[in-house]
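The values are calculated or read from the model by the stated rules, or taken from the named source; none is laboratory data. All values derive from a computational prediction rather than experimental measurement. All Cβ positions, glycine included, derive from the backbone under ideal geometry; neighbour counts span all protein chains shown.
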Amino acid sequence: MRGRRAWVFAALGLAILISAALEVGIGPVSVPFWQIPTDTVRYLVGDRGLDDVVVGAIRWPRLAVALLAGSSLALSGCVLQAVLRNPMADPGVIGVSSGGALGAVIAVATGLSSRLSAATPALAFGCGLAVAVIVYRLATHGRRTDVYRLLLAGVALGSLCSAVITAILDLSPLQEMQQMMFWLFGSLDGSDWREAFLLAAVNAVVLPVFLRFGFAYDILTTGEEHAEAVGVDVERVKRVSLGLAALIVGVAVSTTGVISFVGLIVPHILRRVMGANHRPLLAASAMGGGVLLTLSDFVGRTAVQPAELNVGIVTSCLGVPFFLYLLFRRGRGRGAWR
Amino acid sequence: MIRMEHLDYYPILRDICADFGPGELVGLVGPNGAGKTTLLRAVAGLLRPTGGWVRVMGEPIHARKPGWRARHVAYLPQFLPDDIPFTVREFVEMGRYSHAPRGALTPSDVRAVDEALEAMGLQPLEDASLAQISGGERQRAAIARCLAQEAPILLLDEPIASLDIHYQLDILARLRALAAEGRLVIIALHHLELALSHCHRTLCLHRGRLVADGSPDEVFTPALLRAVFRVDARPFRDPHTGALRLSVSAAIPSTPE
């Protein structure tokens with residue numbers, strides 16, 4: 001398994017390079033890959049042609065947001081799957097993303113966001129966390145978290161949040177409505193460096209904590225009772241993990257809108273190829289989530305030119321069949337983690 | 001090592017008093033729903049008594065931190081999921097959590113894991129996936145994980161239920177060897193005959209109360225077997241082995257209460 005892990009990381013590194021070249025190089029204005037460095041340098045030194053501006057001011061920040069938001073979603077998916085002991089968990093599936101989007105829409109609709117730029121991610125985090133806590137409470141009876149209650153409660157609260165978002169949009173002036181529409185189906189349009197830095201900062205805080213809990217996540221696959229028996233403070237690990245997962249999802253959603261299934265697909269595939277050991281799995285999920293979101297965005301931008309599809313539509317097209325496959329494979333008595 | 005003082009856990013356990021010392025293999029018996037699992041969980045410090053105390057090494061265990069509890073008491077719950085995606089060695093390493101919570105194992109952690117694998121005869125299987133081995137081997141792996149905790153007290157909930165007779169006797173013999181090394185081993189058991197033949201001491205729970213505590217031949221009287229387990233039975237000496245056995249003749253029809 002150890003040699004295989006090295007190959008997985010090498011492959012992911014290569015995939016990041018390739019997806020970066022595609023994302024930065026290709027679009028309505030295409031730049032050959034070998035010109036990307038020179039265009040970037042020319043943009044930075046201020047000697048700017050059209051190509052240089054497209055590369056430097058639009059594509060690079062878009063790539064950074066795609067990589068970091070994808071990494072946030074995959075990390076939170078991986079952690080939710082571990083602490084809820086449920087391989088079907090995903091921030092989108094259990095409603096946290098919709099909660100986050102609701103927070104962001106409230107921030108914009110009330111005008112808070114124009115007065116204070118941190119209001120959007122902060123409210124997104126708050127509402128996402130609230131949904132996570134409510135869903136978790138509803139699904140937990142005594143000391144057990146029931147998988148099906150969790151999924152159903154997540155679907156119900158997610159729909160409620162989407163309904164409230166739609167209601168807010170209906171009541172908003174047309175111009176604001178168009179501005180807020182993308183929160184329902186995520187998009188990377190208009191990504192800028194400020195968003196990329198915010199995502200990078202949150203990831204830099206959260207990832208080390210998740211890695212520290214890696215061994216505890218491994219142990220949680222054997223069940224909460226067993227985890228308690230070997231000395232894991234299960235409640236603390238769950239609380240901190242849910243809170244931080246809601247934080248990175250909230251910040252990701254406030255910049256990109258709801259993008260589902262990245263958090264489901266990436267940890268799942270990686271767990272298959274590199275095993276369930278969570279420290280390497282978390283690191284690889286962060287990389288793989290970035291790759292998947294970047295490639296999905298590339299497909300969305302180029303598949304139906306000159307129109308562009310929201311990246312959330314592309315990930316849903318990939319994710320729904322995957323979700324159904326997992327659901328039915330589980331039903332046939334296969335273990336949940338394999 | 002363990003002292004229970006008027007332990008209550010409403011409404012499951014009532015007024016339980018007992019002391020346990022090192023070197024004992026204790027069988028905890030009782031019909032379904034008597035409170036065996038709850039009693040073990042209370043001793044492991046995983047639930048807070050509604051009355052009385054469980055003291056381990058003189059300390060009220062439910063008030064201590066999880067790490068302290070796991071270093072003093074190794075508790076094995078009855079059910080282990082059958083889809084754990086780790087190898088036998090990785091699973092046994094999980095027993096070291098209270099010593100190395102980040103998972104960075106030191107040489108002394110590795111030694112403890114090696115010894116636990118050896119004590120359960122698992123070295124040939126250490127790289128096998130937990131999902132691929134037999135139920136008996138998985139149970140041995142689970143006990144090895146408890147041993148890796150290097151706790152002086154082992155609490156095992158039904159460690160031989162659903163195993164075939166070979167593994168039942170194999171595991172009981174290994175547990176007796178562990179007790180002989182000075183550990184305190186308490187097991188919840190459904191097999192009365194095996195409790196009779198293998199345990200040094202037997203505790204019998206009935207509807208949350210401790211109704212008997214002593215050596216197996218003191219505990220398993222025809223009157224107790226009748227009142228608690230609702231069977232007509234009497235102990236006898238096996239003419240071949242000299243061990244105590246049970247001659248069970250009939251279930252007593254339930255009477256409406």
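Answer yes if at least one residue in region A:204-215 is within 14 Å of chain B (Cβ to nearest Cβ), free of Cβ contacts under 8 Å to residues at least 12 places away in the same chain and part of a loop (DSSP other than H, G, I, E, B), and no otherwise. Talk me through it step by step, then tell me what you get.
In the first step, residues of region A:204-215 are kept if they are within 14 Å of chain B (Cβ to nearest Cβ); the result is A:208-215.
Keeping just the survivors that are free of Cβ contacts under 8 Å to residues at least 12 places away in the same chain gives A:208, A:212.
From what's left, part of a loop (DSSP other than H, G, I, E, B): none.
Looking for residues that are within 14 Å of chain B (Cβ to nearest Cβ), free of Cβ contacts under 8 Å to residues at least 12 places away in the same chain and part of a loop (DSSP other than H, G, I, E, B), one finds none in region A:204-215, hence no.
Where residues in region A:191-210 are under 16 Å from A:Ala74 (Cβ atoms) and crowded, with 18+ Cβ neighbours inside 10 Å, which of them is farthest from the chain's Cα centre (by Cα)?
This residue is A:Phe210.
Inspect all residues belonging to region A:291-299 and state whether any of them is over 15 Å from A:Pro28 (Cβ atoms), hydrophobic (A, V, I, L, M, F, W, C), in contact with a Pro (Cβ under 7 Å, 6 or more places away or on another chain) and at pLDDT 95 or above.
No.
Out of the residues in region B:46-65 that are in contact with an Asp or Glu (Cβ under 9 Å, 6 or more places away or on another chain) and within 13 Å of chain A (Cβ to nearest Cβ), state the one that is nearest to B:Val228 (Cα to Cα).
Filtering region B:46-65 down to residues in contact with an Asp or Glu (Cβ under 9 Å, 6 or more places away or on another chain) leaves B:46, B:49-55, B:65.
Then keep just the ones that are within 13 Å of chain A (Cβ to nearest Cβ); that gives B:46, B:65.
On the way: B:Leu46: 27, B:Lys65: 37 Å.
Going through the qualifying residues, I end up with B:Leu46.
Does at least one position in region A:254-272 carry a residue that is modelled with pLDDT under 90, assigned to a helix (DSSP H, G or I) and basic (Lys, Arg)?
Yes, the conditions are met somewhere in region A:254-272.
Anything in region B:66-97 that is more than 8 Å from chain A (Cβ to nearest Cβ) and not in a helix (DSSP H, G or I)? List them, or say none.
Listed by number, the residues that qualify are B:Val73, B:Gln78, B:Thr87.
Give the residues of region A:34-51 that are surrounded by 12 or more Cβ atoms within 10 Å (Cβ to Cβ) and part of a loop (DSSP other than H, G, I, E, B), sorted by residue number.
A:Arg48
Can you name the number of the only condition in (1) more than 10 Å from chain A (Cβ to nearest Cβ); (2) in a loop (DSSP other than H, G, I, E, B); (3) in contact with a helix residue (DSSP H, G or I) (Cβ under 7 Å, 6 or more places away or on another chain); (4) under 17 Å from B:Ile186 (Cβ atoms) that B:Pro22 fails?
Going through the list (1) more than 10 Å from chain A (Cβ to nearest Cβ); (2) in a loop (DSSP other than H, G, I, E, B); (3) in contact with a helix residue (DSSP H, G or I) (Cβ under 7 Å, 6 or more places away or on another chain); (4) under 17 Å from B:Ile186 (Cβ atoms), B:Pro22 breaks only (3).
Could you grab me the full set of residues in region A:153-212 that are in contact with a Cys (Cβ under 9 Å, 6 or more places away or on another chain) and of a type in the set (Phe, Trp, Tyr)?
Of the residues in region A:153-212, the ones in contact with a Cys (Cβ under 9 Å, 6 or more places away or on another chain) are A:161, A:210.
The one that is in contact with a Cys (Cβ under 9 Å, 6 or more places away or on another chain) and of a type in the set (Phe, Trp, Tyr): A:Phe210.
Name every residue in region A:52-76 that is small (Gly, Ala, Ser) and surrounded by fewer than 21 Cβ atoms within 10 Å (Cβ to Cβ), in order of residue number. Walk me through it before giving the result.
Narrowing region A:52-76 to residues small (Gly, Ala, Ser): A:56-57, A:64, A:66, A:69-72, A:74, A:76.
Scanning region A:52-76 gives A:Gly56, A:Ala57.
For region B:87-106, how many residues are over 21 Å from B:Leu130 (Cα atoms) and of a type outside the set (A, V, I, L, M)?
First pass over region B:87-106, keeping only residues over 21 Å from B:Leu130 (Cα atoms): B:98-102, B:104, B:106.
After this cut, where a residue has to be of a type outside the set (A, V, I, L, M) as well, the list is B:98-99, B:101-102, B:106.
Here the count works out to 5.
Tell me, yes or no, whether region A:285-293 has at least one residue that is within 14 Å of another protein chain (Cβ to nearest Cβ), surrounded by 22 or more Cβ atoms within 10 Å (Cβ to Cβ), closer than 29 Å to A:Leu198 by Cβ and hydrophobic (A, V, I, L, M, F, W, C).
At the first step, the residues of region A:285-293 found to be within 14 Å of another protein chain (Cβ to nearest Cβ) are none.
Scanning region A:285-293, I find no residue that is within 14 Å of another protein chain (Cβ to nearest Cβ), surrounded by 22 or more Cβ atoms within 10 Å (Cβ to Cβ), closer than 29 Å to A:Leu198 by Cβ and hydrophobic (A, V, I, L, M, F, W, C), so the answer is no.
Please go through region A:216-261 and pick out each residue that is surrounded by fewer than 20 Cβ atoms within 10 Å (Cβ to Cβ) and at the interface with chain B (Cβ under 7 Å from one of its Cβ atoms).
A:Gly223, A:Asp233, listed by residue number.
Considering only residues that are basic (Lys, Arg) and crowded, with 17+ Cβ neighbours inside 10 Å, which ones fall in region B:65-99?
Passing the criteria: B:Arg69, B:Arg71, B:Arg89, B:Arg96.
Can you find a residue that is surrounded by 24 or more Cβ atoms within 10 Å (Cβ to Cβ) and in a helix (DSSP H, G or I) anywhere in region A:315-331? Steps first, please.
Of region A:315-331, the ones surrounded by 24 or more Cβ atoms within 10 Å (Cβ to Cβ) are A:315.
Okay, now just the ones that are also in a helix (DSSP H, G or I), so A:315.
For region A:315-331, residues surrounded by 24 or more Cβ atoms within 10 Å (Cβ to Cβ) and in a helix (DSSP H, G or I): present.
When you check B:Ala131 against the structure, is it out of contact with any strand residue (DSSP E or B) (no Cβ under 9 Å at 6 or more places or on another chain), more than 9 Å from chain A (Cβ to nearest Cβ) and hydrophobic (A, V, I, L, M, F, W, C), yes or no? If you could, list the steps in order and put the result at the bottom.
Numbers: out of contact with any strand residue (DSSP E or B) (no Cβ under 9 Å at 6 or more places or on another chain): yes; more than 9 Å from chain A (Cβ to nearest Cβ): no; hydrophobic (A, V, I, L, M, F, W, C): yes.
Judged against the criteria, B:Ala131 is not a match.
I'm told B:Asn32 meets every condition in (1) in contact with a Gly (Cβ under 6 Å, 6 or more places away or on another chain); (2) more than 10 Å from every other protein chain (Cβ to nearest Cβ) except one. Can you identify the failing condition by its number?
(1)
What pairs can you find where one residue is in region B:204-219 and farther than 11 Å from B:Val26 by Cα, the other is basic (Lys, Arg), and their Cβ atoms are less than 6 Å apart, with a gap of 6+ or different chains?
Partner pairs satisfying both residue conditions: B:Leu205/B:Lys36; B:Gly208/B:Arg14; B:Arg209/B:Arg14.
Tally up the residues in region B:146-180 that are part of a helix (DSSP H, G or I) and closer than 19 Å to A:Thr222 by Cα, please.
Of the residues in region B:146-180, the ones part of a helix (DSSP H, G or I) are B:146-148, B:165-180.
Next, only the ones that are closer than 19 Å to A:Thr222 by Cα stay: B:146-148.
Matching residues across region B:146-180 total 3.
Mind checking which residues of region B:35-57 are in contact with a strand residue (DSSP E or B) (Cβ under 8 Å, 6 or more places away or on another chain) and at positive phi?
Matches in region B:35-57: B:Gly35, B:Gly45, B:Gly52.
Could you list, ordered by first residue, the pairs with Cβ atoms under 8 Å in which the first is in region B:18-30 and under 25 Å from B:Ala227 (Cβ atoms) and the second is among the polar types (S, T, N, Q) and surrounded by 15 or more Cβ atoms within 10 Å (Cβ to Cβ), at least 6 apart or interchain?
What qualifies is B:Val26/B:Thr202; B:Gly27/B:Thr202; B:Leu28/B:Thr202; B:Val29/B:Thr202.
What about A:Leu157, is it within 21 Å of A:Ile313 (Cα to Cα), part of a helix (DSSP H, G or I) and at pLDDT below 90?
Numbers: within 21 Å of A:Ile313 (Cα to Cα): yes; part of a helix (DSSP H, G or I): yes; at pLDDT below 90: no.
The answer is no for A:Leu157.
If I filter region B:111-127 down to residues being more than 14 Å from chain A (Cβ to nearest Cβ) and assigned to a loop (DSSP other than H, G, I, E, B), which single residue comes out as surrounded by the fewest Cβ atoms within 10 Å (Cβ to Cβ)? Talk me through it step by step, then tell me what you get.
The initial filter retains those residues of region B:111-127 that are more than 14 Å from chain A (Cβ to nearest Cβ), namely B:111, B:114-115, B:117-125.
If we keep only those that are assigned to a loop (DSSP other than H, G, I, E, B) as well, we get B:120-122.
Working: B:Met120: 25, B:Gly121: 13, B:Leu122: 21.
Among those that are more than 14 Å from chain A (Cβ to nearest Cβ) and assigned to a loop (DSSP other than H, G, I, E, B), it is B:Gly121.
Each row is one residue, and each column tells you yes or no for (1) over 30 Å from A:Pro173 (Cα atoms); (2) touching a residue at least 24 places away in the same chain (Cβ under 8 Å); (3) more than 17 Å from the chain's Cα centre (by Cα).
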site: A:Val31; (1), (2), (3): yes, yes, yes
site: A:Arg42; (1), (2), (3): yes, no, yes
site: A:Arg85; (1), (2), (3): yes, yes, yes
site: A:Ala109; (1), (2), (3): no, yes, yes
site: A:Ser117; (1), (2), (3): no, yes, yes
site: A:Ala130; (1), (2), (3): no, yes, yes
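Could you give me the residue pairs with C-beta distances under 9 Å whose first residue belongs to region B:98-110 and is within 10 Å of chain A (Cβ to nearest Cβ), whose second residue is loosely packed, with under 14 Cβ neighbours inside 10 Å wherever it lies, and which are 6+ apart or on separate chains?
If the second residue must be loosely packed, with under 14 Cβ neighbours inside 10 Å, the pairs left are B:His99/B:Thr106; B:His99/B:Ser108; B:Ala100/B:Thr106.
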